[in-house]
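One structure is given here, and the rest of the page talks about it.
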Amino acid sequence: MTATQERSVPKPVFTDAEAGAKVFPDSLARQYNYFTPQKRKQTHYEDVTVEVQPDPRHYLAQGWLYGFSDGRGGYPLEWTALKAWGSDRPEPQRFAGSGGKGYEWPAHGWHEFRDPNEEWELSLYRYNSNVVRQLNQNIEAAKRSGAFAQWNRNWVAFVAQHVGAWMHVDHGLGLYLFANANRRAPTNMHNNAISVNSMHRIRAAQDLALYNLTLSEEIEDFDGSAHLATWNEDPAWQGVRTVAEQLTAIDDWCEAIFAANVIFEPLVGELFRSALVQQAAPGNGDFVTPTVVGAEEYDFAERDLRYTKAMFDLLVADKEFARHNKDLLQGWAQAWVPRCIEAARTLQPLWSQPDTRPPRFEDGLDRVKNRFSALLAGFDLDIPKELEQ
């Protein structure tokens, strides 16, 4: 028999240098401890959110892994004029032999923010799927029972023109304001909360678009394209359209969130959804549309506004820049309140269009003004005189 010649190739030699071979006190830990939790024990939300986004101020020894064409790297804190403590400290110098030592955690006050909704990927999917499932069930039940045949004829036109027009607001703010602000925020805690806000608006626009298609199939002579002419040409909508487009052009990501969630939504969004559509619909035989716009109202009032208040509460109470931040927020309020009040008043003709009319426009406007005033007072800001218009 011919002996098989053993080939001369290097043989793998295993040592204890491989990743994971070392045993240390936290080898078996299933939670992270490189940050300080908000409460006594860190939550799952914190484990999957805090410090996911890189920050060279305290642990990226090589500096930013990528940059923009103008030389800025990663997530510049200068993308908003607001500041959190530590923002003005220089980034640690990174060079060969420096050791890469940065500041202790947290490197600056932006890292202190926690979303009270504790939103992350799984919670987003669960919440939105539940909302869509419930809406679909409501609409299917209405189709089977012939509920759409009970609508007043003027209300059919109102939903086609004006409820449909609101999808343009949702689409524009969701895609061009909140999605943009999500990329520009400096920590993953902010990114998660703002991106969920973006998805709420985009989902709401989709809800209205699909609802529009359903009504086109279920109601004879329902004009599914009427919202386009309304948005583009109806004088009653041009104030809202102007402000919505101006909001999407804001460069400062904090100003965008403040103007949209603290000013525009309470003064215009809630006025349209709660004081008009949900009040007028039942009297005109419609018990379905309030569930569609009501889902968006809940998104804002119970979730999006909640994280917004937590975010700005930290900034107006910042141990280093509280005065600076309050002055900026006051200036933003002075700039955006008059525009939103004018947009709200431009919508007033809509209150007279349904056969069964909602409560008076002025009463609805007074209610949203009161809510808005309470929001500003919570941030220790003065009420702009334009609110009395």
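The values are calculated or read from the model by the stated rules, or taken from the named source; none is laboratory data. Quantities reported herein were computed from a predicted structural model and do not represent experimental measurements. FYI the Cβ positions are ideal-geometry reconstructions off the backbone, even for glycines, and counts take in every protein chain you see. Protein only, heavy atoms only, side chains kept; ligands, DNA and RNA dropped before computing areas. Shrake-Rupley method; radii C 1.70, N 1.55, O 1.52, S 1.80 Å.
Go through the range 217-252 and count every residue that is open to solvent by 80 Å² or more (accessible area, probe 1.4 Å) and in contact with a Cys (Cβ under 7 Å, 6 or more places away or on another chain).
0
List the pairs whose first member sits in the range 244-264 and is in contact (Cβ under 8 Å) with a residue 24 or more places away in the chain, whose second member is open to solvent by less than 20 Å² (accessible area, probe 1.4 Å) and among the polar types (S, T, N, Q), and whose Cβ atoms are under 7 Å apart, counting only residues at least 6 apart or on separate chains?
252/80; 253/80; 254/80; 257/308; 261/308; 262/308
Just wondering, is there one or more residues in the range 152-174 that are closer than 24 Å to residue 52 by Cα and at pLDDT 95 or above?
We begin by selecting, within the range 152-174, every residue closer than 24 Å to residue 52 by Cα; these are 174.
Filter once more, keeping what is at pLDDT 95 or above: 174.
Yes: the range 152-174 contains one or more residues that are closer than 24 Å to residue 52 by Cα and at pLDDT 95 or above.
Looking only at the range 314-338, which residues are open to solvent by less than 20 Å² (accessible area, probe 1.4 Å) and either at pLDDT below 95 or not in a helix (DSSP H, G or I) (or both)?
Selection gives 318 alone.
Quick one: count up the residues across the range 352-364 that are closer than 18 Å to residue 270 by Cα and crowded, with 20+ Cβ neighbours inside 10 Å.
Final tally of qualifying residues: 3.
Which of the residues that make up the range 115-131 are open to solvent by 20 Å² or more (accessible area, probe 1.4 Å) and either touching a helix residue (DSSP H, G or I) at 6+ places or on another chain (Cβ under 7 Å) or on the phi > 0 side of the Ramachandran plot (or both)?
116, 117, 118, 120, 124, 128, 131, listed by residue number.
What about residue 259, is it crowded, with 23+ Cβ neighbours inside 10 Å, under 26 Å from residue 80 (Cβ atoms), within 17 Å of the chain's Cα centre (by Cα) and at pLDDT 95 or above?
It is true that residue 259 is crowded, with 23+ Cβ neighbours inside 10 Å, under 26 Å from residue 80 (Cβ atoms), within 17 Å of the chain's Cα centre (by Cα) and at pLDDT 95 or above.
When you go through (1) farther than 22 Å from residue 257 by Cα; (2) exposed (fewer than 15 other Cβ atoms within 10 Å of the Cβ); (3) not small (Gly, Ala, Ser) one by one for residue 43, which number turns out not to apply?
Among (1) farther than 22 Å from residue 257 by Cα; (2) exposed (fewer than 15 other Cβ atoms within 10 Å of the Cβ); (3) not small (Gly, Ala, Ser), the lone unmet condition for residue 43 is (2).
Applying the selection to the range 154-188, what residues are open to solvent by 20 Å² or more (accessible area, probe 1.4 Å) and over 25 Å from residue 254 (Cβ atoms)?
154, 157, 161, 167
When both residues are 6+ apart or on different chains and their Cβ atoms are under 7 Å apart, which pairs have a first residue that lies in the range 157-169 and is of a type in the set (Phe, Trp, Tyr), and a second that is outside any helix (DSSP H, G or I) and open to solvent by less than 10 Å² (accessible area, probe 1.4 Å)?
Within 7 Å, the pairs are 158/354.
Which count do you get for residues in the range 100-133 that are of a type in the set (Gly, Ala, Ser), over 16 Å from residue 319 (Cβ atoms) and in a loop (DSSP other than H, G, I, E, B)?
2
Please specify each residue of the range 72-114 satisfying the condition of being of a type in the set (S, T, N, Q) and open to solvent by 30 Å² or more (accessible area, probe 1.4 Å).
93, 98 - these are the residues of the range 72-114 that are of a type in the set (S, T, N, Q) and open to solvent by 30 Å² or more (accessible area, probe 1.4 Å).
Identify, please: which residue in the range 134-153 is in contact (Cβ under 8 Å) with a residue 24 or more places away in the chain, open to solvent by less than 70 Å² (accessible area, probe 1.4 Å) and assigned to a helix (DSSP H, G or I) and is, among those, nearest to residue 309 (Cα to Cα)?
135
Name every residue in the range 206-216 that is open to solvent by less than 10 Å² (accessible area, probe 1.4 Å) and touching a Leu at 6+ places or on another chain (Cβ under 9 Å), in order of residue number.
Across the range 206-216, the qualifying residue is only 211.
Give all pairs with beta carbons closer than 9 Å in which a residue from the range 43-68 that is over 16 Å from residue 183 (Cβ atoms) meets a residue that is outside any loop (DSSP other than H, G, I, E, B) and open to solvent by 50 Å² or more (accessible area, probe 1.4 Å); count only pairs at least 6 apart in sequence or on separate chains.
Cβ pairs passing all conditions: 48/121; 48/122.
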